[in-house]
1. In degrees between 0 and 90, to the nearest 10, how far off the longest principal axis of the chain does helix 461-474 point, with axes built from Cα atoms?
2. Let me know the whole percent of all Cα-Cα pairs from region 165-259 that are separated by more than 18 Å.
3. Sorted by average packing, counted as other Cβ atoms within 10 angstrom per residue and highest first, what order do 101-111, 322-332 take?
4. How large is the translational diffusion coefficient of region 1-134 in µm² per second when you combine the Kirkwood radius over alpha carbon pairs with Stokes-Einstein at 25 °C and 0.890 mPa s?
5. Can you pick out the pairs among Lys387/Lys454; Lys363/Lys387; Lys62/Lys212; Lys363/Lys405; Lys111/Lys154 whose Cα atoms lie more than 18 Å from each other?
6. Cα-Cα pairs above 13 Å in region 415-474: how many percent?
7. Which order do the peptides 72-82, 248-258 come out in when sorted by mean C-beta neighbours inside 10 angstrom, highest first?
8. Evaluate 2.2 N^0.38 Å with N set to the residue count of region 16-75, then give the Cα radius of gyration divided by it.
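Where a number appears in this text, it was derived from the coordinates with a stated rule and is not lab data. What you see is a predicted model, and the numbers here were worked out from it, not measured in a lab. When we count neighbours, we look across all protein chains shown, and the Cβ atoms used for this are built from the backbone with ideal geometry, even at glycine.
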Amino acid sequence: MKEYQTIIGLEVHVELLTYSKMFCGCSTKFGSEPNTQVCPVCLGLPGALPVVNEKAIWLGLKTAAALNCKINNEFVFVRKSYFYPDLPKNFQISQYLDPIAVEGYLDVSGKKIGIARIHLEEDTGKLIHDEKTGMWSWIDFNRSGIPLMEIVTKPEISSPEEAEKFLEKLKRIISYIGVSDCNMEEGSLRCDANISVKKSSENKLGTKIEVKNMNSFKAVRRALAFEEKRIIETIKKGIPVVQETRLWDEELQITKGMRTKEEAHDYRYFPEPDLLPFNVSDDFINKVRSEIGELPDDREQRFQREYNLSAYDAGVLTSEKLIADYFENALSYCKKPKQIANWIQTELLGLLKENHCSINECKLTPEFLAKIVSMVEQGTISNNTGKTILREIFSNGRDPEALVKERNLIQISDGDKIEKFIQEVILQYPQAVNDYRSGKTQAIGFLIGQIMKKSNNKANPGMVRKLLLEKLSENT
Ligand SMILES: [Zn+2]
């Protein structure tokens, strides 16, 4: 048994993929000029009335269904009151006692990690501080009122690594079902964590530390690992651990104390008087469930079963829905799953990374990839030619068959022609031939190289090797 036991819980905020905000019709587009996507509702002007965005409810329920939650037939929006400059109404419309869903779980490497609740709320505005002088701050209300979903786990995560895995898996599901783009750089997915550590021999729970300000999953893991170590060292020194909120400093890779929590906040929750309680019928919930489609774990299993792929290949190909869709689309043109999977993994994914490009934006369409793979498999072009034209088509979007014809890249698989090259090379390099026959087998590489050169690299290398070996063993 480990000497210390770590308990971690996560709170994940996800901006929902809607065109308009949670309670008004303003656009949710990211990156517009500050304060251009605002109206009396999201600016909190007196007398403005909220109207619930049905799509946001739909997306929230879809997530709840995908995370095996119990969906509530009636849920209530409440006012959570607090003052902060980015919150113009001085309250946030959120959910408290009756959220949309409770009691779900997510399976992470065979362990079910409980989801305590999922609720919907609105995002706040964004404060931009003048870092240089520290004299000024600006407020951009474009973000104010963007639909936000909060997913709260039970304190059932037992290591920083497991927290990272949980987040990766959660992100994969949420983007798969089209609920959010989960872009952490643009703040569409944010995560706070709480951690406590106690001696395994003790029954009493450890003091809870809240950690904020992590902007990647890796940062979440590192911040939690830092805290875990810090708390254990504190316990070892016999110093009491103080309950507090700490901020992760990405540059220094440490957490810093922000505020101690003397008592829980009193947000004065009460039902939002401008919105009625929301009732959803079982029919509606069933309709949401039926629309989830195939979840990533199921697709990964199916890829192994149906296409006979290894667990690793299936995992890579289903890591993103777009990649999995691309793969299956390519298969509809060329029924060679293993080969298509290889070409995507060894060639295409690298190119996408190099070019910071998403698979659905690239000019090498699934049909074109399938054509390249077919030509290589049929021996029309060599593997190397396939790789070369793939790179080219990736940037110019030309049809592979037309390109091969135009450049005269068709591989020579005519035995007579290849034998002619072999004959010439044997006559030209008698020393290498003798070397090979006297046991220096590496000389074969040189001879193959020369034959390929003679054929302008168009000879089928497999055939060259085979015929050359036959030839060399003939006259001994
Ligand atoms: Zn608005």
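1. The angle comes out near 30 degrees.
2. 51 percent
3. So the peptides 101-111, 322-332, ranked by packing, come out 322-332, 101-111.
4. Here the translational diffusion coefficient equals 142 µm²/s.
5. The pairs that break the limit, which is 18 Å between Cα atoms, are Lys387/Lys454; Lys62/Lys212; Lys363/Lys405.
6. Values: 952 of 1770 pairs.
Result: 54 percent of Cα pairs exceed 13 Å.
7. Most protected by this proxy first, the peptides run 72-82, 248-258.
8. Taking N as the residue count of region 16-75, the ratio is 1.36.
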